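Just so you know, all these numbers are worked out from the coordinates, no wet-lab data involved. From a predicted model like this one, the values you see are computed outputs, not experimental measurements. Note: ideal-geometry Cβ built from the backbone for every residue, glycine included; neighbour counts use all protein chains shown.
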Amino acid sequence: MEELTIKEVTSKKEMKRFIRFNYELYKDCPYSVPDLYEDMVDTFSTKNAAMEFCDAAYFLAYRGVRIVGRVAAIINRKANERWGQRAVRFGYIDFIDDETVSRALIDTVEQWGRERGMTSIEGPLGFTDMDAEGMLIEGFDELSTNATIYNYPYYPRHMERLGLEKSADWVEMLIQVPNSVPERMERIAKIVTDKYGLQIKKFTSHKEIARQYGREIFSVINEAFKPLFGYSELTDRQIDQYVKTYLPFIDLKLVSLITDRDGRLICVGISMPSLSRALQKAKGRLLPFGWFHLLKALKWKKPDTLDLMLVGVLPEYQGKGVNALLFCDLIPTYLAEGYKYVETNPELELNTKVQSQWIYFERRQHKRRRCYKKELNASLPL
């Protein structure tokens, strides 16, 4: 067997190999959804506003001239300060089913972290919570989404053999769109509307929603997500980047904003047509014809499934029924547009406030993913 070597990515050519390795490893997998190549290039470049508070290095594993694995080593200084830890993250990890490869990749991240004063390792995590995170441990025969990680079943087995343990789990739900708004939900929506003077804000202009609420949307997300595992608040530059990059492309009919009687934004709900099949057909590239498959899914021949991208409620309004009003607005739109299912983004298994909002619907938990951790001075199992 040829010698295994780990090399740090130091050129654009090597970064292209780093990104493309995932596509090559999963090209015959019917459940994997490739990342958009252009987005990945920006993620790993200085264009990414998270680089202001993150340090990162990228590594490729080779057997001879063949690439057999990849991993990113990331230190999110803001998250470490927020959570009082010195953790190095491993992310964007892929490898063939060979424990010498996975061990070499994790060992490399550990050593990189130690050299920078880190005392623990955790992952898979990206630069921030806006990146895909968590290794799939259940739901290997379910179609992935464009906002989550898909990995082969052997990945978590490798992590356990390498001495990594559970740090947090996320679950995902596939929810059936009901034929009408549940009666109990309507009653709760009316009560909270009257009690707090709530109003639903709808827009037909992307420029107008960005002007009036662009930054405020992500301020709500910051406040809502701040207590959650590993979260680091979005900076002004990150918020500006997300407003510019993503708001112009969302279907405004699938966006609900809720304000209180003082006109303050208190709740955000953003969903979009599933792009999973379109990205598979595009093979992760916009050019030469990938854009057509994405545009088709967004405009002309929409899938029957929605991805619930973001739901955020200000902490002082959580658990008070505001989500009922949100879905009273969105469900009729889902029905009018012909959607049958809604797929949630990963939700922390212990986040009971989020889990409770699905009790009104027929649903199944179809995926689970895990963040692993290990103290860097911990010994490996024999």
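Relative contact order, whole percent, for the chain stands at 23, derived from Cα pairs under 8 Å and 6 or more residues apart. When Thr352, Thr193, Thr119 are sorted by how many other C-beta atoms sit within 10 angstrom of their C-beta, beginning with the fewest, the order is Thr352, Thr119, Thr193.
Once C-alpha pairs closer than 8 Å and six or more residues apart are averaged by separation and normalised to the residue number of region 175-369, the relative contact order reads 32 percent. The string of couplings for region 56-62 from the Karplus curve (6.51, -1.76, 1.60, θ = phi - 60°) is 8, 9, 10, 10, 10, 9, 10 Hz, one whole number per residue in order, with x for Gly and Pro.
Let a ≥ b ≥ c be the square roots of the eigenvalues of the Cα gyration tensor of region 4-170; is it rounded (a/c under 1.5), or, if not, prolate (a/b larger than b/c) or oblate? Here region 4-170 falls in the rounded category. The C-alpha atoms of the chain define a longest principal axis, and helix 99-114 lies at about 80 degrees to it. Across the alpha-carbon set of region 125-200, the Rg to Rh ratio works out to 1.18, Rh being the Kirkwood radius. Among Glu186, Glu2, the ranking by other beta carbons within 10 Å of each residue's beta carbon, starting with the fewest, stands as Glu2, Glu186.
By the count of neighbouring beta-carbon atoms within 10 Å, fewest first, Thr259, Thr204 end up ordered Thr204, Thr259. Residue-wise HN-Hα couplings along region 218-231, as the Karplus relation 6.51 cos²θ - 1.76 cosθ + 1.60 with θ = phi - 60° gives them from phi, are 7, 5, 5, 4, 4, 5, 6, 8, 3, x, 7, 2, x, 6 Hz; Gly and Pro carry x.
Helix 236-246 axis versus longest C-alpha principal axis of the chain: approximately 80°, rounded to the nearest ten.
A simple rule links phi to the HN-Hα coupling: the Karplus curve 6.51 cos²θ - 1.76 cosθ + 1.60 with θ = phi - 60°, which for region 352-369 gives 5, 4, 6, 4, 5, 6, 8, 5, 7, 10, 6, 7, 9, 7, 10, 9, 9, 9 Hz, with x for Gly and Pro.
Each Cα pair under 8 Å and six or more residues apart adds its sequence gap; the mean of these over the residue count of region 278-382 is a relative contact order of 22 percent. With 29 Å as the limit on Cα-Cα distance, the pairs of Lys78/Lys195; Lys226/Lys374; Lys320/Lys373; Lys201/Lys244; Lys47/Lys281 that go past it are Lys78/Lys195; Lys320/Lys373. For region 1-74, the square roots a ≥ b ≥ c of the C-alpha gyration tensor eigenvalues yield an a/c of 1.5 or more together with a/b not exceeding b/c, which makes the shape oblate. Normalised by 2.2 N^0.38 Å, where N counts its residues, the alpha-carbon radius of gyration of region 107-167 equals 1.26. Comparing Gly64, Gly91, Gly319 in a Gaussian network model of the chain (Cα springs below 10 Å), the most mobile by mean-square fluctuation is Gly64.
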